[in-house]
Amino acid sequence: MPLSGLDGRWWPWRRKKKEAYQEVVKQENREKEAMKLLEKEQMQKTAMELLEQYLQFQQEVEKEGKKEREGCFEAKHPMSAFFLFSKERREALLQEKKTILEISKIAGEEWKNMAEEQKAPYEEEQNGIFSCASSI
């Protein structure tokens, strides 16, 4: 039997009951939707509060970290003693119009032939940089 035929079978007194029932169902559906919206709004409010707390915490940590690392080398991996030496030596060799390949070879040979006493200042500087980097 088709469903459309059922609507025609409602007697007038049953039709009133059906309309009352439909009104109750509509009201319940509106209440459910209102509750869903309220829950969603509360979840968004909670999420925003948590986000604000996280951002505030992140800023505090960043400020503390900057205070601790003040004056330290900021690279992820600090330069080794050889790189400190080659950086200093590269400037002089560039003025002599040497190519990058020649500069690298010359700096490597000079470093290899240097005495430990000559390497000491670069190694001390390296140790200072590494101690700052380890506190990062």
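The values are calculated or read from the model by the stated rules, or taken from the named source; none is laboratory data. Since the structure is predicted, the reported quantities are computational estimates derived from the model, not experimental observations. Note that each Cβ is placed from the backbone with ideal geometry, even for glycine, and that neighbours are counted across all protein chains shown. Heavy atoms of the whole protein, side chains included, go into the accessibility calculation; ligands, DNA and RNA do not. Shrake-Rupley method; radii C 1.70, N 1.55, O 1.52, S 1.80 Å.
For the stretch 40-61, a residue qualifies if it is open to solvent by 100 Å² or more (accessible area, probe 1.4 Å) and charged (D, E, K, R), and the qualifying residues are Lys40, Glu41, Lys45, Glu52.
Scanning the stretch 106-130 for residues that are under 13 Å from Phe82 (Cα atoms) and open to solvent by 80 Å² or more (accessible area, probe 1.4 Å) yields Glu109, Lys112, Asn113, Glu116, Gln118, Glu124, Glu125, Asn127. When Phe130 is tested against the conditions (1) under 30 Å from Val61 (Cα atoms); (2) modelled with pLDDT of 85 or more, the lone failure is (2).
Among all residues of the stretch 73-82, there is at least one that is within 30 Å of Glu62 (Cα to Cα), out of contact with any Pro (no Cβ under 6 Å at 6 or more places or on another chain), part of a helix (DSSP H, G or I) and at pLDDT below 85.
For the stretch 86-105, give me each residue that is surrounded by 15 or more Cβ atoms within 10 Å (Cβ to Cβ) and either in contact with a strand residue (DSSP E or B) (Cβ under 7 Å, 6 or more places away or on another chain) or closer than 24 Å to Glu123 by Cα (or both).
Quick first cut of the stretch 86-105, residues surrounded by 15 or more Cβ atoms within 10 Å (Cβ to Cβ) only: 86, 89-90, 93, 98, 103.
Ser86, Arg89, Arg90, Leu93, Ile103, listed by residue number.
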